[in-house]
Amino acid sequence: MPFLNLVLHFPFSVAAAISLTTVIATSSTVSAGRAGKQLINMKLGMLLEVATAAGSFLGGMTAQFVSQSLLQRLFGVVAVIVALIMLSRLRRRNVILDPAPIPASSAGGTTNRRAVAPSPIELKRLPLAIAASFVAGNVSSLLGIGGGIIKVPVLNAWCGVPLRAAAATSAFMIGVTATAGATIYYGHGQLEPALAASACLGVQIGSWGGMKFGAAASAKWLRF
């Protein structure tokens, strides 16, 4: 988004529309690459997607009435807040010791691959996860970014989902999220199909490289 808007000088709405189409491509690549690795919690993703898609549709509509300067400021504020949250938790583990969490194993059977022995994800604070998903969908369409910038930190920091599982499940969801928002931009004539297709080609390569790096890097470095 910053590159399309500040370097290539596309209007914010056009940049957001192009960015959302690349988010769809990213979701497809990552979901296909991780589907067989027990990182994507399908049922949890489908549950949170309901709230995310609703927020995405609302965000796409809201973006038509907000000035570009305000959207640019909002983009910067959201990015800084999320960065501070993640940096504050660099040395913390997301293991939940509460004896009564909600077992996410019933919502997809995802395992914590970083544990000594595989164990089910213990999902806690489901209402918070749903609320964060709605906000993530809204911000996603409003700013043209993947909702994972909000969902991953929340799921990892406060809901007990391991970082890789949170990222994979979020990537599984963001395709539907971005589609809901991109439809609004397309209906207002703000989506340039040729530019979006070109961007998606680069995204396919980047997504593949990101999966390779993510599999080798430590959770601490991924947070950083």
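The values are calculated or read from the model by the stated rules, or taken from the named source; none is laboratory data. This is a predicted model, so every value here is computed, not measured. In this analysis, Cβ positions are derived from the backbone assuming ideal geometry, glycine residues included, and neighbour counts consider all displayed protein chains. Ligands, DNA and RNA are excluded from the accessible area calculation, which covers all protein heavy atoms including side chains. Shrake-Rupley method; radii C 1.70, N 1.55, O 1.52, S 1.80 Å.
Looking at the structure I just gave you, is A54 aliphatic (A, V, I, L, M) and out of contact with any Ser or Thr (no Cβ under 8 Å at 6 or more places or on another chain)?
Numbers: aliphatic (A, V, I, L, M): yes; out of contact with any Ser or Thr (no Cβ under 8 Å at 6 or more places or on another chain): yes.
The answer is yes for A54.
Counting only residues that are closer than 19 Å to L39 by Cα, over 11 Å from the mean Cα position of the chain (by Cα) and either modelled with pLDDT under 85 or not in a helix (DSSP H, G or I) (or both), segment 116-147 holds 9 of them. When restricted to residues that are assigned to a helix (DSSP H, G or I) and touching a residue at least 24 places away in the same chain (Cβ under 8 Å), segment 148-194 contains 32.
Return the residues of segment 52-88 that are of a type in the set (A, V, I, L, M, F, W, C) and not in a helix (DSSP H, G or I); say none if nothing qualifies.
Filtering segment 52-88 for residues of a type in the set (A, V, I, L, M, F, W, C) gives 53-54, 57-58, 61, 63, 65-66, 70-71, 74-75, 77-87.
Selection gives V66 alone.
Under the condition of being open to solvent by 50 Å² or more (accessible area, probe 1.4 Å) and either touching a strand residue (DSSP E or B) at 6+ places or on another chain (Cβ under 6 Å) or assigned to a helix (DSSP H, G or I) (or both), the residues counted in segment 1-23 number 4. Taking segment 149-176 only, how many residues are under 16 Å from K43 (Cα atoms) and among the β-branched types (V, I, T)? Total meeting the criteria: 4. Among residues of segment 199-224 that are on the phi > 0 side of the Ramachandran plot, none has a Cβ under 8 angstrom from a residue that is of a type in the set (S, T, Y) and surrounded by 12 or more Cβ atoms within 10 Å (Cβ to Cβ) at a sequence gap of 6+ or on a separate chain.
The lone criterion from (1) at pLDDT 85 or above; (2) within 16 Å of V154 (Cβ to Cβ); (3) open to solvent by less than 70 Å² (accessible area, probe 1.4 Å) left unmet by L84 is number (3).
Residue by residue, here is whether (1) in contact with a helix residue (DSSP H, G or I) (Cβ under 6 Å, 6 or more places away or on another chain); (2) under 16 Å from S170 (Cβ atoms); (3) modelled with pLDDT under 85 holds:
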residue	(1), (2), (3)
A17	yes, no, no
T26	yes, yes, yes
K37	no, yes, yes
L47	no, yes, no
S56	yes, yes, no
Q72	no, no, no
R113	no, no, yes
